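Remarks on the structure that follows.
The values are calculated or read from the model by the stated rules, or taken from the named source; none is laboratory data. As the structure is a prediction and not an experimental result, all values here were calculated from the model. No Cβ is skipped: glycine too gets one built from the backbone with ideal geometry, and neighbour counts run over all protein chains shown.
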Amino acid sequence: APAKKNNADVLRPTGPVTITADRAEWSKTGVMVYTGNVSLVSEKMKMNGNRLELTQFPESQYTAKITGDQAHLEHAGEPTEKGEPTPTVTADASTLLYDSRTSVVDVIGNAKMTRGKDEVTGSNIRYNVAERRIQATGGDAGQVKIVIQPPPDKKLQLQKAAESKAAEIKAPESTTPDAKPAVSKPAENTP
Amino acid sequence: MRRLLLLAVALAISVALWMGVQSFDRASEPQAQDESGPRPQYALRDAEWTRLGADGKTQFHITAATIDYYENKSAVIGRMSMDGLGGDKGAWALTSPAGEVPANQERILMKKPVVITGKSNKGGAPMMLYTDELWVDSKRKEIYTSAPLRMTYGEQQATATGMRADWAGENLNLLHDVKVTYVPRS
């Protein structure tokens, strides 16, 4: 029976990968170097930078090392089982190192990751693409910093919705075309 | 006296005849030039051309339907295939319907459609490149083009403009507008 796929295998991006660049150098060692306006686009993930070293392995696996002033990654969110959208994950650093065999991106050097409004910064961050999990460790440059935006307060949301509805109901009375514009008479000699 | 006169006239006629024949001979020597342009020094059909380097090793090997080789070291080649670039381990096999060696140059221009097969692949499908023209340069030991090209290599498909590779197949550079798609086997 075929080997049972583990969770990472099931979630790993398997579609075609397209790389565009100004130039490319292929060498017999198997390493391919792309330079100038480099972009790597796979199913749901996109990485950009100035230089990309791509090393290929059997079974279409590969590692992609992208460097740049700031190499950039975007991983589009996927709707949950209930169909709710999940936010895009982004990463910026001087080096992004993606390994398709482990489905992990190492975000190295002046690293910053965001998920929606949440933000993590540190010297090294690791992002598991398949499982969308972020792991960050402090380093010489100091501790990891994380800012997590509080989830929206449901009660507050309902209250705001009610208020805006009430405002809508009141508004049509005063703006129906037939009604005379309400003119407020100047008060006569009232103190 | 009359016999002497007859003898002089006969002598004059034979001298005239002799000079005529000489000039006629000179006229019949093969002209290097005629209406359709210079004529090849060697006109070869179903030919094989092996070029050796100063070290006596094979530089390249061509088989062609026609090779016309001229005195100014230019050549016109018809339906050619080429391999052995830099010796038996040469990485490339090339085919083209027409080739041309410019006068006094150590390179060959192969014309479209040019098909390049990279033999350096370990057992897998070979690298294949398709372009409209290709220079094969004996001096630089390179093949190169500035034309657009298309390439397939295993699961990869690429397009680019301009390419340069060494004869041994150690390095291949795609020079502009590179787009590579890896289509993983599902």
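In segment A:121-138, what count of residues is obtained for those that are surrounded by 16 or more Cβ atoms within 10 Å (Cβ to Cβ), modelled with pLDDT under 90 and within 23 Å of residue A:80 (Cα to Cα)?
3
Taking segment B:136-146 as the search range and keeping residues that are in contact with a strand residue (DSSP E or B) (Cβ under 7 Å, 6 or more places away or on another chain) and within 19 Å of residue A:25 (Cβ to Cβ), which one is surrounded by the most Cβ atoms within 10 Å (Cβ to Cβ)?
Looking at the filtered set, the residue picked out is B:143.
Out of all the residues in segment B:62-91, which are in a loop (DSSP other than H, G, I, E, B) and touching a Leu at 6+ places or on another chain (Cβ under 9 Å)?
B:85, B:91
In the set A:55, A:88, which member is modelled with pLDDT of 90 or more, over 29 Å from residue A:144 (Cα atoms) and of a type outside the set (A, V, I, L, M, F, W, C)?
From the options A:55, A:88, the qualifying one is A:55.
So, in segment A:1-44, exactly how many residues are part of a strand (DSSP E or B), more than 8 Å from every other protein chain (Cβ to nearest Cβ) and modelled with pLDDT under 90?
Count: 1.
Out of A:89, A:107, A:38, I need the residue that is within 24 Å of residue B:160 (Cα to Cα) and either in contact with a Leu (Cβ under 7 Å, 6 or more places away or on another chain) or touching a residue at least 12 places away in the same chain (Cβ under 8 Å) (or both). Which one? It would help to see each step written out before you state the result.
On the way: A:89 fails: within 24 Å of residue B:160 (Cα to Cα); A:107 fails: within 24 Å of residue B:160 (Cα to Cα).
Just a single option satisfies the conditions, and that option is A:38.
In this structure, is residue B:118 touching a residue at least 60 places away in the same chain (Cβ under 8 Å) and surrounded by 16 or more Cβ atoms within 10 Å (Cβ to Cβ)?
In short, no.
Would you call residue B:110 more than 12 Å from chain A (Cβ to nearest Cβ) and closer than 30 Å to residue B:73 by Cα?
So residue B:110 fits the description; yes.
Report, by residue number, each residue of segment A:59-104 that is outside any loop (DSSP other than H, G, I, E, B), surrounded by fewer than 17 Cβ atoms within 10 Å (Cβ to Cβ) and within 14 Å of another protein chain (Cβ to nearest Cβ).
Selection gives A:61, A:63.
Of all residues in segment A:109-120, how many are assigned to a strand (DSSP E or B) and surrounded by fewer than 19 Cβ atoms within 10 Å (Cβ to Cβ)?
6
Among the numbered criteria (1) crowded, with 20+ Cβ neighbours inside 10 Å; (2) not in a loop (DSSP other than H, G, I, E, B), which single criterion is violated by residue B:97?
(1)
When only residues in segment B:106-123 that are of a type in the set (Lys, Arg) and assigned to a strand (DSSP E or B) count, which is farthest from the chain's Cα centre (by Cα)? Please lay out each step first, then the result.
Going through segment B:106-123, the residues of a type in the set (Lys, Arg) turn out to be B:107, B:111-112, B:119, B:122.
Still in the running and assigned to a strand (DSSP E or B): B:107, B:111-112.
On the way: B:107: 8, B:111: 11, B:112: 14 Å.
Result: B:112.
Going by what's in this entry, would residue B:154 be described as under 26 Å from residue B:88 (Cα atoms), in contact (Cβ under 8 Å) with a residue 12 or more places away in the chain and surrounded by fewer than 16 Cβ atoms within 10 Å (Cβ to Cβ)?
Values: under 26 Å from residue B:88 (Cα atoms): yes; in contact (Cβ under 8 Å) with a residue 12 or more places away in the chain: yes; surrounded by fewer than 16 Cβ atoms within 10 Å (Cβ to Cβ): yes.
Yes: the conditions hold for residue B:154.
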